[in-house]
Amino acid sequence: MNDSHFRYVLRLGDDALILGQRLSQWCGHSPFLEEDIALANTALDHVGRARMLLTRAGELEGVGRDEDALAYFRDERDYTNCLIAELPVGDFAFTMVRQFLCDVFHHELYGALMRSTDEQLAGIAQKSVKESAYHVKRSSEWVKRLGDGTEESHQRAQDALEEVWAFANELFEVDDTIADAIEIGVAADLAPIEARWQERVGETLRTATLATPEQAWPQTGGRQGLHTEHMGRLLAEMQSVQRAYPGNQW
C-alpha cells in the first residue's frame, strides 16, 4: 500500500462525511418544505459519496476497517477533513455561501479526478461530478438570490462570505500527502483547479453584488487533525449510537 494513496482517499471521504453531517442538521429546520427536502437530498449525496470513498480507503489500508469503522470509531485527531466542512450551519445564508464555495471546488476536483490512476476513485469521481454539477447550480442561484435580494439578505450573505472566506484556502493546500498522490497519478493538481474556482466564484459574487473579501489569514490544520472547537461536538452526535451499541445490526 502507498500510504499517501490511502490518506488522500481518506481525506476525501472525511470531507464528504463531515459536510454531509452538517447539512443533515437542517432536516426539519429549513425555511420552507421544498428547501428542507433539497438540503436533505444534498446531505445524502455527500454521505453516499463518503461511503464509497471510505470503503475504498479501507481497502487501500488493508487492515480490515470498513466504511462504518472509519466513520464511527476514529477520534477527532484522526479525521483529516478541511475545517470549512465542520463549521456550524449558522443561518441559511451561511450554509448556502459555504456550500457554494465547496460545490464549485468539488465540481472542479472530481472532474479532474475522473483521470485518476486509481480506477475506483475515477469511477467515484464520475458519479460525484454529476451530483456536484447540480449542487453548484442550486447553491449559486441561492447566493445570487440572497446577495441581490433585500438589504437584510444581502448583509447576511456578505457577513457569511466574510466569515467563511479564510477557511476556503485550505481546500487548495498542498502537503506531502497531496504531492505524493499527484506524483503517482492518484490526486489532481490543485493549481489549475484553484484558478478555475477563483474565476467561477468571482463571477457569481459579482452577479450577486457581493464583495470578495480581503485575503484573510488562512485557517488551516484540518488535514493534520487539528480541528476547530466544533468538531468534537459534531462527532459526539454523529457517533453516539455506534459508540453506545458497537457493531449493532439494523
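The values are calculated or read from the model by the stated rules, or taken from the named source; none is laboratory data. Please read these numbers as outputs of a predicted model, since none were measured by experiment. All Cβ positions, even for glycine, are placed from backbone atoms using ideal geometry, and neighbour counts span all protein chains on display. Just so you know, the surface numbers come from the protein's heavy atoms only, side chains and all, with ligands and any DNA or RNA stripped out. Shrake-Rupley method; radii C 1.70, N 1.55, O 1.52, S 1.80 Å.
Please report how far the C-alpha centroid of segment 146-171 lies from that of segment 194-250, rounded to the nearest whole angstrom. Rounded to whole Å, the Cα centres lie 15 Å apart.
Counted over the chain with a bin width of 10 Å, the fraction of Cα pairs per bin, in whole percents, is 7, 32, 38, 19, 4, 0.
Helix-only mean residue ellipticity at 222 nm, the chain, DSSP H runs n ≥ 4 weighted -39,500 (n - 2.57), per residue, nearest 500. What is it? All intermediate terms of the calculation are to be shown ahead of the outcome.
Working: 10 runs with 171 residues, N = 250.
Only helices count here, giving -23000 deg cm²/dmol.
Taking label points 7 Å from Cα along the Cα-to-Cβ direction, Y245 and Q126 give a separation of 3.8 nm. Take Y79: with every protein chain present and a 1.4 Å probe, its accessible area is about 0 Å². Can you bin segment 60-104 into rounded, prolate or oblate? Criterion: square roots of the alpha carbon gyration tensor eigenvalues sorted a ≥ b ≥ c, rounded for a/c under 1.5, prolate for a/b above b/c, oblate for the rest. Note, shape of segment 60-104 comes out prolate.
Highest GNM mean-square fluctuation among P88, P31, P218, for the chain modelled with Cα contacts below 10 Å: P31.
Could you size up the charge dipole of segment 1-153 around its Cα centre, putting +1 on the beta carbon of Lys and Arg and -1 on that of Asp and Glu, and report it in debye to the nearest 20? Result for segment 1-153 is approximately 360 debye, rounded to the nearest 20. Average accessible surface for the chain: 47 Å² per residue, computed with a 1.4 Å probe over protein heavy atoms with every protein chain in place.
Quick one: ranking I37, I184, I124 by accessible area, 1.4 Å probe, largest first, what do you get? Numbers along the way, then the final one.
Values: I37 90, I184 70, I124 15 Å².
Output order, biggest surface exposure first: I37, I184, I124.
About its Cα centre, the dipole of segment 40-82 is roughly 120 debye, where the only charges are +1 on Lys and Arg Cβ and -1 on Asp and Glu Cβ. When a 1.4 Å probe is rolled over the protein heavy atoms, the share of accessible surface on the chain that falls to carbon and sulfur comes to 52 percent.
How high is the relative contact order of the chain? Use alpha-carbon pairs under 8 Å, at least six apart in sequence, and give a whole percent.
Details: 343 pairs, mean separation 64.5, N = 250.
So the answer I get is 26 percent.
For a straight C-alpha distance cut-off of 13 angstrom, the aspartates and glutamates reachable from K130 (same-chain residues fewer than eight places away being disregarded) are D45, D103, E108.
For segment 113-239, what does the convex hull of the Cα positions come to per residue, in cubic angstrom?
Working: hull volume 19.0 nm³, N = 127.
It is 150 Å³ per residue.
For the chain, the longest principal axis of the alpha carbon atoms and the long axis of helix 33-61 meet at an angle near 30°.
Explain nothing, just the number: relative contact order of segment 90-137, from Cα pairs under 8 Å at least 6 residues apart, as a whole percent. Value for segment 90-137: 41 percent. Subtracting the Cα-Cα distance of R145 and R115 from their residue separation scaled by 0.36 nm leaves 7.3 nm.
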